[in-house]
1. On the given criteria, is Glu86 in contact (Cβ under 8 Å) with a residue 24 or more places away in the chain, surrounded by 13 or more Cβ atoms within 10 Å (Cβ to Cβ) and within 13 Å of the ligand (Cβ to nearest atom)?
2. Considering Tyr77, Tyr102, Tyr114, which residue is more than 16 Å from the ligand (Cβ to nearest atom), hydroxyl-bearing (Ser, Thr, Tyr) and out of contact with any strand residue (DSSP E or B) (no Cβ under 7 Å at 6 or more places or on another chain)?
3. Just to check your reading of the model, which residue among Gly113, Gly87, Gly44 is in a loop (DSSP other than H, G, I, E, B) and within 21 Å of Ile6 (Cα to Cα)?
4. Suppose we filter Asp94, Asp30, Asp133 for residues that are exposed (fewer than 14 other Cβ atoms within 10 Å of the Cβ), within 12 Å of the ligand (Cβ to nearest atom) and outside any loop (DSSP other than H, G, I, E, B); which single one remains?
5. Quick one: would you say Glu37 is among the acidic types (Asp, Glu) and either assigned to a loop (DSSP other than H, G, I, E, B) or within 17 Å of Cys129 (Cβ to Cβ) (or both)?
Amino acid sequence: MALRRIIKVGDDTLRKISKPVVKFDKGLEDLLDDMWETMFSNDGMGLAAPQVGVLRRVVIVHVNNMRLELVNPTIVYEEGEDIENEGCLSVGSDHKKVKRPYKVTVKAQDRFGYEFTITGEKYLARCICHEVDHLNGILFIDKVEE
Ligand code: ZN
């Protein structure tokens, strides 16, 4: 495992659309392992591959002691709304209020390519939405409630 450098706001990479993962190989495993190490060493709740300069549809989420790896995630259902403070390892110490669905269901693949579906509420839903946004070049600062 290795720490990767987290790209900060202002870098174009964060604004690009990430490509789907097609190969579930050692490269993907290394990327995921490095992302965990990088996220934990920065006290994050989640991290998306483009934040470490890899434009692939891979995110990790760590909420309620649950470690989730989502490869090629798609949000298939959203319900309700929730406004809470949100931050991002690519933005710095700024935390701002962002409106998110209260509940989401996401379909994804694991690191071996097996498909699964998971439903999360509140912070888990928020974190999933935040990380999936990264794959589409969207940052939470684009969505801040005034
Ligand atoms: Zn972020």
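Since every read-out is calculated from the coordinates, none of them should be taken as a lab result. Fair warning: this is a prediction, and the values are worked out from it, not measured in the lab. Backbone-built Cβ (ideal geometry, glycine too); neighbour counts: all protein chains shown.
1. Details: in contact (Cβ under 8 Å) with a residue 24 or more places away in the chain: yes; surrounded by 13 or more Cβ atoms within 10 Å (Cβ to Cβ): yes; within 13 Å of the ligand (Cβ to nearest atom): yes.
Here the answer is yes, as Glu86 does meet what is asked.
2. Values: Tyr77 fails: out of contact with any strand residue (DSSP E or B) (no Cβ under 7 Å at 6 or more places or on another chain); Tyr102 fails: out of contact with any strand residue (DSSP E or B) (no Cβ under 7 Å at 6 or more places or on another chain).
Answer to the check: Tyr114.
3. On the way: Gly113 fails: within 21 Å of Ile6 (Cα to Cα); Gly87 fails: in a loop (DSSP other than H, G, I, E, B).
Within the list Gly113, Gly87, Gly44, the selection yields Gly44.
4. It is Asp94.
5. Working: among the acidic types (Asp, Glu): yes; either assigned to a loop (DSSP other than H, G, I, E, B) or within 17 Å of Cys129 (Cβ to Cβ) (or both): no.
No: the conditions fail for Glu37.
Here's the yes/no breakdown for (1) over 25 Å from Leu124 (Cβ atoms); (2) within 14 Å of the chain's Cα centre (by Cα):
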position: Ala2; (1), (2): yes, no
position: Thr13; (1), (2): yes, no
position: Ser18; (1), (2): no, yes
position: Val22; (1), (2): yes, no
position: Glu29; (1), (2): no, no
position: Gly46; (1), (2): no, yes
position: Pro50; (1), (2): no, yes
